[in-house]
1. Taking R0 as 25 Å, what FRET efficiency do you get between residue B:58 and residue B:80 from their Cβ-Cβ distance, rounded to the nearest 0.05?
2. Using r as the Cβ-Cβ distance of residue B:179 and residue A:4, and R0 as 25 Å, what FRET efficiency do you calculate, to the nearest 0.05?
3. Which aspartates and glutamates have a Cα lying under 18 Å from the Cα of residue A:66, excluding residues fewer than 8 positions away in the same chain?
4. First check a/c for segment B:8-125, with a ≥ b ≥ c the square roots of the eigenvalues of its C-alpha gyration tensor; if it is under 1.5, answer rounded, and if not, answer prolate when a/b is larger than b/c or oblate otherwise.
5. Using Cα pairs under 8 angstrom and six or more residues apart, how large is the relative contact order of chain B, in percent?
6. Show me the three semi-axes of the equivalent ellipsoid for chain B, from the C-alpha gyration tensor (sqrt of 5 times each eigenvalue), largest first, rounded to whole Å.
7. Using only the Cα atoms of segment A:145-207, construct the convex hull and provide its projected area averaged over every direction, in square nanometres to one decimal.
8. Check residue B:44: other-chain or 5+ apart residues with amide H under 5 Å from its amide H, H built from backbone geometry?
Amino acid sequence: MTLSSRHIQAYLLLLPAFVFLVGFTHYPAVATLIDSFMSTPRGSRPAQFVGIQNYQIMIEDPVFWKSVMNNLWFALATIPASMAISIFMALWVNNKIVGRQFLRMSYFLPTVLPMIAVANIWIFFYTPDYGLINQVLQLVGIKSQNFLGDPSLALMSVTIVAIWKEAGFFMIFYLAALQTLSPSYKEAAQIEGASPWYFFWRIQWPLLMPTTIFVLVNALINAFRMVDHIFVMTNGGPNNASSLLLFYLYEVGFKFWDSSYASVLTVVLLSILAIAGLMQFFLLDKKAHYR
Amino acid sequence: MSASTLNQPNNPLDNTGWLATLGAWVLAIVWVMPLLYAFWAAFHASEYATEFSLTAPLTLDNFATAWHAAPFPQYFLNTIFLVFMILGMQLVLCTLAAYAFARYSFAGSSLLFSLMLVQLMVMPEILIVKNYQTLSSLGFVDTLFGIGLPYFASAFAIFLLRQTFKSIPKELVEAAQMEGANTLQILWHVYIPLAKPTYLAFALVSISHHWNNFLWPLVVSNSVESRPLTVGLQVFSSGDQGIDWSIISAATLLTSAPLLVGFLIFQRQFVQSFMRAGIK
């Protein structure tokens, strides 16, 4: 077989997958960037070049800023909390512990359930007066809270659901990493009489660093695309108190049908994801240091 | 690793203290609570939805009511069709692409590989506005095929399979070549059988992901014929059902039941699949 026919064969093997990859990832990303400088076509009026006008609209849009701030808080809460919980989970089920099978199953369960379905159950937990959380609060003498209806509580309430959903998923990555660590570390630590706490911080934690970076990047991406439960629980309300960027993008694009403004919002989201991507690229390069 | 640790004397660092054990159990109970509650509400009449009493009579009425209150049988068929259509397309397209990346050297291979990896960061659901326009110009809005289309090529699958294919010894391939097998025969008879665990891992991840997917199907589907379960459940529970928790819980359990049952039966495989998929 000649060299060039092997080349052609390779391209032919790649072609079908690349039609879809380019058609639904690269093309729309570039086209969105172009659309963000155009006006929304309405009826007989075609799209026109409007420069940075859409971006100016965005900067003056209070709902956009509200969604950005909400999303930043959402990320700042879900990322560290779900990661910390996932490390504990992984350490526990990696050791000898009573009911290990049950624990591992319980932690992982939220990962396989549809967010849209479990969010329905969480609504009940948050219901004023007879919801489960409020029943417990009232038992200890705290008055019933309207978790999803109170602007100061709504964001926190949907954040907790996200942490619950994600921690078990991240646990898997830590568990996989822990199981690849050589048992001799543990033996050496035991001979030296290290406490579990010392063993974790000085040995396991540094060795888990590549996993932590991988999970961190995933958590960051998820923080900007996990919006299913918003649709069920609050619809972004009350008064946009729990609106996240992707949710607002959906509203602009498919409720107000303003495609150029939605394109600007997409560009913002893409930039955030690009930062996450670069972070993974540069931080994971240092992985060799730990191996 | 278990074989090597079994023979060794007990290491205190392997054991968990009572405080940690307590913490682990409290966390686990909090974690399964929503599901436990859903079971409680779904199997009891609605007057017991907020009242917990051991003597409350069990009933299946909520399931029957939910099942007939919305076109759930149709939604089920839609989701099953959608999930397997996506998986089938992914397996074919991504196997071919992964094979090219693993065993061919060609001009621009690393550039194409990087371009492919972009999809790991930029999922189709981020680009809903443009992808919706693409879909409507192709005439696939409000069809199951349209919902599946953006997912047919999966960077994740290509990446996983390429890693697996690369680890297959060249000697096996050379032996097959000696016997006169052509490229596709080698792929079919050598690579694919040896990559079975990877295929299983990817299949479980893909099925559970697309069974649960919501935002993109919500945008694309507009009728009972094209609505998957997740969107159907959302339409159902935000409709006039209001706040009958028992019926909503029953519908919620129905929606998640196949995944839940599958998970409980194949728990080990599920966890291992996600692990395998996570180790890069």
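1. Numbers: r = 29 Å, r/R0 = 1.15.
Computed FRET efficiency for residue B:58 and residue B:80: 0.30.
2. Numbers: r = 26 Å, r/R0 = 1.03.
The value I calculate is 0.45.
3. The reachable aspartates and glutamates, counting only those whose Cα sits under 18 Å from residue A:66, are A:150, A:251.
4. On the way: a/c = 3.68, a/b = 1.41, b/c = 2.61.
Note, shape of segment B:8-125 comes out oblate.
5. Details: 249 pairs, mean separation 85.3, N = 280.
Taking the mean separation of contacting Cα pairs over the length of chain B, I get 30 percent.
6. Numbers: eigenvalues 325, 187, 51 Å².
Taking √(5λ) for each Cα gyration eigenvalue gives 40, 31, 16 Å.
7. On the way: hull surface 25.0 nm².
So the mean shadow area of the Cα hull is 6.2 nm².
8. B:59
Bear in mind these aren't lab numbers, they're just calculated from the coordinates by the rules spelled out. This is a predicted model, so every value here is computed, not measured. Heads up, the Cβs are rebuilt from the backbone with ideal geometry, glycines too, and the neighbour counts pull from every protein chain shown.
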